[in-house]
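The values are calculated or read from the model by the stated rules, or taken from the named source; none is laboratory data. Keep in mind that what you see is a predicted model, and the values were worked out from it rather than measured. We place every Cβ from the backbone using ideal geometry, glycine too, and count neighbours over all the protein chains shown.
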Amino acid sequence: MKKIFLYGAPASGKTTLGALLAGALGARHVDLDAEIAASAGRSIPEIFAAEGEAGFRGREAAALAAVCAADGAAVVSLGGGSLLRDANRWLCERAGEVFCLRTPSDEELQRRLGAAPGSRPLGDRARERAAHYASFPRRIEGWFDLGNSLVVVGRGIAGAVLAGERAAADETVARLYPGLFGDGGARLVASIPSGERHKNVGTVSSLWSAFAAAGLGRRDRVAAVGGGVTGDIVGFASATWMRGMDWINVPTTLLSMVDASTGGKTGFDLPEGKNLVGAFHSPRLVVVDADFLATLPPETLRQGRAEMVKHELVGGRLPGAAGGMPSAEEIAANLAVKVGVVKEDPFERTGRRMVLNCGHTVGHAVEALSGYRISHGEAVAIGCCEEARIAARRGLAPASWPAEIAARFASEELPTEIPPEIDRNRIDETMKGDKKRAGDVVAFALPCGWSDVRIENIDLGAETLFHNRTTPCA
Ligand SMILES: NC(=O)c1ccc[n+]([C@@H]2O[C@H](COP(=O)([O-])OP(=O)(O)OC[C@H]3O[C@@H](n4cnc5c(N)ncnc54)[C@H](O)[C@@H]3O)[C@@H](O)[C@H]2O)c1
Ligand SMILES: [Zn+2]
């Protein structure tokens, strides 16, 4: 990693995030205000009172120069006005990279400042400095602390984290982003052939060999740079390498940003089925950098949009325009839904995580019956719509609900009906083969409204959902 400077409005979380990020990266954490207070032998408000702002700024410039000159990796939490001086900004940008945190809303600010009155003399200046903060292009729009894993969402932040790391990257991503690797960037220890068909034991085995060739030990770590396939197999190879090596996940597709990168599941496919071999092994750090989306084909972007709408079914409608490229803010808000559920049930033991399977029971059957010609995202969209129709038929949702959910998926240019080439009569039997079954009873996570997914066990031995039904019955 390069030196990372966390900047932004007072109370934007620079100190808390700085400590977490440094912990995840095994780097030194420097809290500039704490350094200044320690060397002055008085608190920041006391320095302001005794020496005025000019006195404080002088101390701040000296402390910053010392931090920039020091060797080694560090995450530095800056004070809220420390880069107002061009000379300070220049120093930081030469020594590393500045990430500017989102300015909290007025209510958030009030809540945070209320906890420690008077401890932040510049708290009321956040608004005046909006243009100053906006002039920093590398942004952090949200972050989540999952205990064993930190997730940071922003723009322009992956390069600084990857610098000097050993990485295994999707070959397409490595080709599209050559600047991330090589001189001054990450050292590429393995490049992974693109596509689901390579998510197999052969690729995992070649990763183990690459780890051996790179001399990776149990206390080392590797960064995965790519979509869900890359994250799943690099995560699994790390879980099993010397009985568990740390890893960092840098997801580069929308689907992997909002879904696959968080939750700790790693694994690979067998000829007998998808994701049959796996392990829970959370990355220490997930760096979601929305800049990667610029090169994503529209079809791949839609895959992620499908899972984003699924999260709305779990967590409620979220702001943001339909279609196209979501912003980092939108991604952070959407990811918050998955993070919330994962935190409640990290190892899929209480059943809570099942809500994330919404649309997937019918979806997986449709995907399989199409011979995987229908993509996962399209199948999830169809699955959510069909499962909403099942919910309405069972009186769990109003009759108008299926049309509402279909309109939402259609706004993302996703399909909402099972195409005629799929034999509807085979859907029930295919769902019975789903790995979540117990006998003929299949657990569904039925979408019954925005923020209303209900787990229903349906006995497909006793009733049919699709068999001999020719119309969707919406
Ligand atoms: N671990 C989990 O919890 C979890 C959750 C959901 C899905 N998954 C897994 O994720 C996988 C699907 O993930 P995916 O959709 O990211 O697939 P993927 O990793 O195959 O990526 C899709 C395609 O996009 C390309 N690509 C990646 N980043 C790019 C970029 N920035 N620009 C241009 N092209 C880029 C890749 O080369 C690939 O061809 C499946 O294997 C699924 O099982 C895992
Ligand atoms: Zn899915």
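The table for this structure:
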item: In segment 219-270, the residues that are polar (S, T, N, Q), near ligand 1 (Cβ under 8 Å from one of its atoms) and assigned to a helix (DSSP H, G or I); result: 230, 256
item: Failed criterion for residue 350 (all others in (1) over 22 Å from residue 294 (Cβ atoms); (2) free of Cβ contacts under 8 Å to residues at least 24 places away in the same chain; (3) part of a helix (DSSP H, G or I) hold); result: (3)
item: Residues located in segment 276-312, provided they are among the acidic types (Asp, Glu), buried (at least 20 other Cβ atoms within 10 Å of the Cβ) and either over 25 Å from residue 365 (Cβ atoms) or modelled with pLDDT under 95 (or both); result: 289
item: Residues of segment 172-190 satisfying the condition of being in a helix (DSSP H, G or I) and over 21 Å from residue 300 (Cβ atoms); result: 179
item: Residue match in segment 230-242 (condition: touching an Asp or Glu at 6+ places or on another chain (Cβ under 6 Å), closer than 28 Å to residue 412 by Cα and buried (at least 24 other Cβ atoms within 10 Å of the Cβ)); result: yes
item: Some residue of segment 244-259 being among the aliphatic types (A, V, I, L, M), farther than 25 Å from residue 24 by Cα and touching a helix residue (DSSP H, G or I) at 6+ places or on another chain (Cβ under 7 Å); result: no
item: Among (1) modelled with pLDDT under 95; (2) within 13 Å of ligand 1 (Cβ to nearest atom); (3) assigned to a helix (DSSP H, G or I), the one test that residue 343 misses; result: (2)
item: Top-ranked residue of segment 361-379 - restricted to ones that are among the polar types (S, T, N, Q) and farther than 27 Å from residue 397 by Cα, ranked as nearest to ligand 2 (Cβ to nearest atom); result: 375
item: Selection status of residue 332, away from ligand 2 (no atom under 16 Å from the Cβ) and buried (at least 24 other Cβ atoms within 10 Å of the Cβ); result: yes
item: Yes/no for residue 312 being within 16 Å of ligand 2 (Cβ to nearest atom) and either on the phi > 0 side of the Ramachandran plot or in a helix (DSSP H, G or I) (or both); result: yes
item: Filter result for the condition that a residue is surrounded by fewer than 20 Cβ atoms within 10 Å (Cβ to Cβ), on the phi > 0 side of the Ramachandran plot and at pLDDT 95 or above, over 202, 195, 215, 182; result: 215
item: Check on residue 382, surrounded by 23 or more Cβ atoms within 10 Å (Cβ to Cβ) and away from ligand 2 (no atom under 14 Å from the Cβ); result: no
item: Residues within segment 367-381 that are within 16 Å of ligand 1 (Cβ to nearest atom), outside any loop (DSSP other than H, G, I, E, B) and hydrophobic (A, V, I, L, M, F, W, C), tallied; result: 4
item: Residue in segment 264-275 that is at pLDDT 95 or above, of a type in the set (S, T, N, Q) and either on the phi < 0 side of the Ramachandran plot or within 16 Å of ligand 2 (Cβ to nearest atom) (or both) present; result: yes
